[in-house]
Amino acid sequence: MDVNDFTALMLTLKLAGITTIILLLISTPLAWWLATSQWRYRFLAEAVIALPLVLPPTVIGFYLLALMGPNGPIGELVRWLGFRPLTFSFTGLVVGSVFYSLPFVVQPLQNSFVRIGKRPLEVAATLGASPKDQFFSIVLPLARPGFLTAAVLGFAHTLGEFGVVLMIGGNIPGETQVISIAIYDHVEALEYSQAHGLSAGLLLLSFILLMIVYGLNRRFSVVRL
Amino acid sequence: MTIEVHLTLQRENFTLQTSLSLPASGVTALYGPSGCGKTTLLRAIAGLEPAAQGIVKTNQATWQDKQHFTPVHKRAIGYVFQEASLFEHLTVYDNIAYGMKRRQPHNRVESEFSLDLLGIRHLLDRHPEQLSGGEQQRVAIARALATQPDMLLLDEPLAALDNARKQEILPYLDKLQQKLSIPVLYVSHDPHEVCRLSQYLVIMDEGTVVEQGATSSLMSAPSLSGSSLFTVSQPEENQISHLSRDKYIIKARVDGFDAESSLNSLSFSGGTLLIPGEEITQPSVCVEIAASNIHLTTQPGQVSSMLNTLPCSLIDLQPCSPGYLTVRLKLGDEILNTRISRKAASTMALRNGQRLFAQFSAEVASS
């Protein structure tokens, strides 16, 4: 592995890590709301969140580019606030990845919240737990497998990101060149052995991550969480 | 001293409208067919139905009135749901500690006492999934009691259990009824449970209170005769039947046991009952009398295979089917219906208000 490939690998892991943390922070309240809300038009929100599951990444990337580019509304806002433009920057990649991987984090969380149901919360309330207390002492521990699945899926999905990065990030080594782009570069340059090395690495990493998810969930499910 | 419950709850196709003053001690049963609103009422008293409007007042506090609504977690209640609903991620000990940590009961010894009362001390280290259904429900009751609530609310705690598990828990509920000083509200659709465990009875139907009063007097109240509320063998709970009831349930005090003839002697408002069988160990039990097995006679002295002969008075006679009459009898405070042939009635020259003797056999109701 040459220095360039190593940089791409580290950048990818950093992107996936930061994105996962942000996603968990955003998705927990969002999934809780989706799981408990009685709002009539909740399905609209669910549909919007699920869009990245079906849209080609290039479409997401294209619209993000349009929004974040120098003439897009977000781009202008960012410039007005005095920041560097988001396009072709690592920050831009994080923003894009958050959208791209959102359903992979929201859905497992929402499912595990729904599965817990209202009853444990009612029991906790009759035992003197305030709503906030109920969330931390009952919901969080009971949803632990959901959080694990969400975190790993969000991380693994961001690892494999290509189309969105290509559209809004380009190919700047050390800034926006992630591993999937590096593989593409190698193939373009007919450097098959390097491409193979990176590809096999990514394959192995993804497999290990998914194995952890399913393995741990099986272990937890003994306690029927 | 009473618990005031005046609540209204409007749902799409259901309205709960109750105005109750319940005794502030002893076990009060909320009884009625499924869908009558008894569980909803219990939930509303606990504060689990925020849409319910009205007044909930106990001796200690006003939980709800026009201006204010105390949220569930600030009401000093113990609540036991139909399913045990133990926290699966916590051990039995931590389940019980969960409520105690938050409610901070003033007397730890009393909280510990609930462990012994429900016989669960040996289960403390287990996880809920390692317990039987009956053990889970006992832990749930102990968990509620350990917080030392001002009131214990039980929502059909036996309904989700099979008969063997019920028999396992009922003795603990008997003890609860004897040892607890706080009021207990007990939701049930099982007349045996109601008779065995409660002193006060609220009968509900379609979201309103049909009747309330002492359990022993209500269970055979005239207003209920002809309804299926306390028939045991009606398959359809909601079906109102105008036939005479098949079985009567009477609450009786156990007075003594004659070991030689293996005979229990019990007393109720109508006199002394003799029931053969093993010695009954509870202080009071529910006794079943089959309506079809009540024989009438004008003379007390006749030798009969029926163990019990008690004086009663004939309230009235009504035709029921060709050749038959329904006889309403008053036996102490109890009112019983039985069926006799028109021919027998004329031979015996029966008339309203007549003094008669009812011969019957009784057995301990198995709930």
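No lab work stands behind these numbers, since they all come straight from the coordinates. Because the structure is a prediction, the values reported are computed rather than measured. As a convention, Cβ positions derive from the backbone with ideal geometry for all residues, glycine included, and neighbour counts pool all protein chains shown.
Using a 10 Å cut-off on Cβ to Cβ distances, tally the other chain neighbours for every residue of A:128-135 and report the average as a whole number. Spell out each step's value before the answer.
Working: counts 15, 7, 5, 3, 0, 2, 1, 0.
So the per-residue partner count for this stretch is 4.
Projected over all directions and averaged, the alpha-carbon convex hull of region B:89-142 occupies 3.5 nm².
Label-to-label distance, residue B:261 versus residue B:21, with points set 7 angstrom from Cα along the beta-carbon direction: 4.7 nm. Packing-based ranking of B:75-87, B:181-193 yields B:75-87, B:181-193, ordered from highest to lowest mean Cβ neighbour count within 10 Å. Here the simple spin-label model places points 7 Å from the Cα toward Cβ, and for residue A:84 and residue B:124 these points are separated by 6.0 nm.
For the peptides B:88-101, A:68-81, A:98-111, the ranking by packing is A:98-111, B:88-101, A:68-81, with the highest mean count of neighbouring Cβ atoms within 10 Å listed first. Antiparallel versus total DSSP beta bridges in the protein assembly as shown: what percent is that, nearest 5? In the protein assembly as shown, DSSP labels about 80 percent of beta bridges as antiparallel.
Spin-label model, residue A:13/residue B:59: points 7 Å from Cα along the beta carbon direction are separated by 6.7 nm. Using only Cα coordinates, the Kirkwood hydrodynamic radius of the protein assembly as shown works out to 29.3 Å.
Counting only other chain Cβ atoms within 10 Å of each residue's Cβ, the peptide B:96-106 averages 3. Considering only B:293, B:337, B:13, the mean-square fluctuation computed in a Gaussian network model of chain B, springs between alpha carbons under 10 angstrom, is largest for B:13. Seen from a random direction on average, the alpha-carbon convex hull of chain B projects onto 21.2 square nanometres. Comparing A:208, A:168, A:179 in a Gaussian network model of chain A where C-alpha atoms under 10 Å apart are linked, the largest mean-square fluctuation is found at A:208. Taking other C-beta atoms within 10 Å as the exposure proxy, A:211, B:151 rank A:211, B:151 from fewest upward. Translational diffusion of region B:151-202 was estimated from the Stokes-Einstein equation, with Rh taken as the Kirkwood radius over Cα pairs; at 4 °C and 1.567 mPa s the coefficient is 113 µm²/s.
Taking 4.7 Å between C-beta atoms as the pairing limit, chain B has these partnerless cysteines: B:36, B:312, B:320. Take chain B, connect every pair of alpha-carbon atoms lying under 10 Å apart with a spring to form a Gaussian network, then pick out the residue of B:109, B:139, B:254 with the largest mean-square fluctuation. Greatest mean-square fluctuation among the candidates belongs to B:109. Bridgeable lysines around residue B:101 (alpha carbons under 28 Å apart, same-chain partners fewer than 8 residues away excluded): A:118, A:132, B:57, B:74, B:175, B:179. Over chain A, the reciprocal of the mean inverse Cα-Cα separation, the Kirkwood hydrodynamic radius, stands at 19.1 Å.
Could you pull out every one of the lysines with an alpha carbon less than 26 Å from that of residue B:343, ignoring same-chain neighbours closer than 8 positions? Those lysines meeting the cut-off are B:247, B:330.
Would you tally the net charge around residue B:74, using a Cβ to Cβ cut-off of less than 14 Å, leaving residue B:74 out, and scoring K and R as +1, D and E as -1?
Working: positive: A:132, B:75, B:102, B:103; negative: A:133, B:150.
Local net charge: +2.
Quick one: if the Förster radius is 45 Å, what FRET efficiency do residue A:175 and residue A:44 give, using the C-beta to C-beta distance and rounding to 0.05? Intermediate values should be presented prior to the final figure.
Details: r = 36 Å, r/R0 = 0.80.
E(calc), rounded to 0.05, equals 0.80.
Across region A:13-24, rounded Karplus estimates of 3J(HN,Hα) from the backbone phi angles (6.51 cos²θ - 1.76 cosθ + 1.60, θ = phi - 60°) give 5, 5, 4, 5, x, 4, 4, 4, 4, 4, 4, 5 Hz, Gly and Pro being marked x. Relative intensity of region B:38-122 on a log10 scale, I(q)/I(0) at q = 0.12, 0.15, 0.17, 0.19 Å⁻¹, equals -0.47, -0.71, -0.87, -1.01, per a Debye sum over C-alpha point scatterers of equal strength in the absence of solvent.
Using only alpha carbon pairs under 8 Å that are at least six residues apart, calculate the relative contact order of chain B and give it in whole percent.
Numbers: 777 pairs, mean separation 56.2, N = 367.
Worked out over chain B, it gives 15 percent.
Normalising by the residue count of region A:120-185, find the relative contact order in percent from Cα pairs under 8 Å and 6+ residues apart. Computed over region A:120-185, the figure is 19 percent.
Descending by average beta-carbon neighbour count within 10 Å, the peptides B:120-133, B:31-44 line up as B:31-44, B:120-133, the highest first. Loop-located GluC sites (Glu not before Pro) in region B:262-363 (DSSP state not H, G, I, E or B) with no more than 15 neighbouring Cβ atoms inside 10 Å: B:278, B:279.
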